[in-house]
Amino acid sequence: MLKDRIKKEELLNRVMSPQEAAVFIKDGMTVATSGFTPAGYPKAVPKALAERIKAKEEPFKINLYTGASVGDELDGELARAKAIGKRLPYQTQKDCRRGINQGNIHYVDMHLSHVSDFVRYGFLGNIDVAIVEAVAITEEGFIIPSTSLGNTPVFVETADIIIVEINTHHPLELWGIHDVYQPEKPPFRKPIPILKATDRIGDAFIRVDSKKIKAIVMTDIPDSIASFSEIDKASEKMAEHLIDFFHLEVNKKRLPQNLFPLQSGVGSVANAVLAGLVKSNFYDLVIYSEVIQDAVLDLIDNGTVKFASGSSLTLSPKGIERFYNNINYYKEKILLRPQEISNSPEVIRRLGVISMNTAIEIDIYGHVNSTNIMGTNMMNGIGGSGDFTRNAFISIFTTPSIAKEGDISSIVPFVSHCDHSEHDVQVVVTEQGIADLRGLSPKEKAKTIINNCAHPDYRHELLEYYNKGPNGHIKHQLNEALSWHMRYLQKKTMKR
């Protein structure tokens, strides 16, 4: 088994237990790991480290850098051990989130396309240890990643030492699904040579100086990706509105019959909206995105999608079983890239990607809050939504019009935190309808969003807010702009 997975013979004597490998990690270090939403992240070594910290009961903090969100065995274990001093660039784990919102963890919420360059240029300091999940190590000592690429290539390039977790839960047949390309530093950077989403431009492995590999740990732990929620009526309606919108764009000859490459954010709502395309009459579509979710497999299987490019296989337990049972079929239609390539503004703009991301709330002028609850508490982070929104051919945001059984309106007078400005948001979709904001003034946007996207329970009050505003370029009542949020904090409802 070892020699099947570790082809470079001199590395065999570096196989050790998770506990032994965790000794390489010291207080105050910066630890960078593989993993992207939450797929392909190390599991055994972080858990062993957390157990060591809790047993010693001594202060111990590391800076934890990843590709995006990771699983409980990493974020959760270290957060519960109070071992995370700083975290970036994205997270979804409840204990980590609690530590951030209680002020115990410094959180740097970053555009995902920026992280690799920030590491490469030294903006984030030295990377002491990289922990990488892999399916194998080649005869040259190169790493074959598992279910994601994320920031792994730049982490192993810049780290002082590397710990590799060989995860035998993942089949060796993953070898070949990755496309590893790293751009040069300015002023020698060349254009990224992707002209079509199907273009392969790099290696099927991560090149690494094998002398830096100090420990190899054997594991057999699956990614802790939960099943997606059942598709609800709101998501179905949003998908219907989107499909109608795409048909209209095709009829007006602003999009070809097979559209342009599609990007979809992560999560149940995004998966459900994408799944709506299964029932459409579109075909030969291409995905150029960050995550490959269950809906993408459905779209491939029914012929709607012919190819998908991403940075991770973010599949449910049933989805990953389905993928592995047909891995050679899917490998011909799916490619995983580093996130600086999957999220590259240059490539997104060149390919004409259509972005579809989810919002926490949207205001009547088209500003979007993707990250913070009531303006103060972090939910997950901006992730890659900014990378795609700011560079998309058409940028779309979806959200149910209400939350908390109607006590929260997702369409508000003014967002409590702004991640995407009105200048970048082109289309808003709720189950109520669709607002095409392209070419509209702020006043036209406000009326379109209120009339088309707001829930009927809140529509009259939004119109009242707008009509009472001063007659400037933007009609805001500054003393009332955040009154809906204040009302919710005081009464647990936005309803008057």
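Does Thr66 satisfy being open to solvent by less than 10 Å² (accessible area, probe 1.4 Å), among the β-branched types (Val, Ile, Thr) and closer than 26 Å to His170 by Cβ?
Yes; evaluated as a whole, the condition is true for this residue.
Within the stretch 172-186, can you find the residues that are in a loop (DSSP other than H, G, I, E, B) and open to solvent by 30 Å² or more (accessible area, probe 1.4 Å)?
Residues satisfying the conditions are Trp175, Tyr181, Gln182, Glu184, Lys185, Pro186.
Picking from Val135, Val108, Val129, which residue would you name as being open to solvent by 10 Å² or more (accessible area, probe 1.4 Å) and not acidic (Asp, Glu)?
Val108
If you take the residues of the stretch 25-57 that are of a type in the set (Ser, Thr, Tyr) and modelled with pLDDT of 95 or more, which of them is farthest from Val180 (Cα to Cα)?
Thr30
Output the residues belonging to the stretch 97-150 that are on the phi > 0 side of the Ramachandran plot and out of contact with any Lys or Arg (no Cβ under 9 Å at 6 or more places or on another chain).
Gly103, Gly122, Gly125, Gly150
Starting from residues that are touching a residue at least 12 places away in the same chain (Cβ under 8 Å) and in a loop (DSSP other than H, G, I, E, B), keep the ones in the stretch 459-485 and report whichever is nearest to the chain's Cα centre (by Cα).
Within the stretch 459-485, the match that is nearest to the chain's Cα centre (by Cα) is Leu482.
Looking at (1) farther than 13 Å from Ile408 by Cα; (2) out of contact with any Leu (no Cβ under 7 Å at 6 or more places or on another chain); (3) without any contact (Cβ under 8 Å) to a residue 60 or more places away in the chain; (4) crowded, with 18+ Cβ neighbours inside 10 Å, which is the only condition Gly433 fails?
Result: Gly433 passes all but (3).
Which condition does Ser224 not pass, out of (1) of a type in the set (S, T, N, Q); (2) farther than 25 Å from Ser309 by Cβ; (3) modelled with pLDDT under 95, if it passes all the others?
Failed condition: (2).
Please enumerate the residues belonging to the stretch 87-105 that are open to solvent by 20 Å² or more (accessible area, probe 1.4 Å), free of Cβ contacts under 8 Å to residues at least 24 places away in the same chain and of a type outside the set (Gly, Ala, Ser).
Lys94, Asp95, Arg98, Gln102, Asn104
Tell me, which strands (runs of 3 or more DSSP E) lie completely within the stretch 318-388 with 3 or more residues that are at pLDDT 95 or above and more than 26 Å from Phe260 (Cα to Cα)?
none
Consider Val286 carefully, then state whether it is farther than 22 Å from Ile320 by Cβ, out of contact with any Gly (no Cβ under 8 Å at 6 or more places or on another chain) and not hydroxyl-bearing (Ser, Thr, Tyr).
yes
The values are calculated or read from the model by the stated rules, or taken from the named source; none is laboratory data. As the structure is a prediction and not an experimental result, all values here were calculated from the model. Cβ: placed from backbone, ideal geometry, glycine included. Neighbour counts: every protein chain shown. Areas reflect the complete protein model, heavy atoms only, side chains present, ligands, DNA and RNA absent. Shrake-Rupley method; radii C 1.70, N 1.55, O 1.52, S 1.80 Å.
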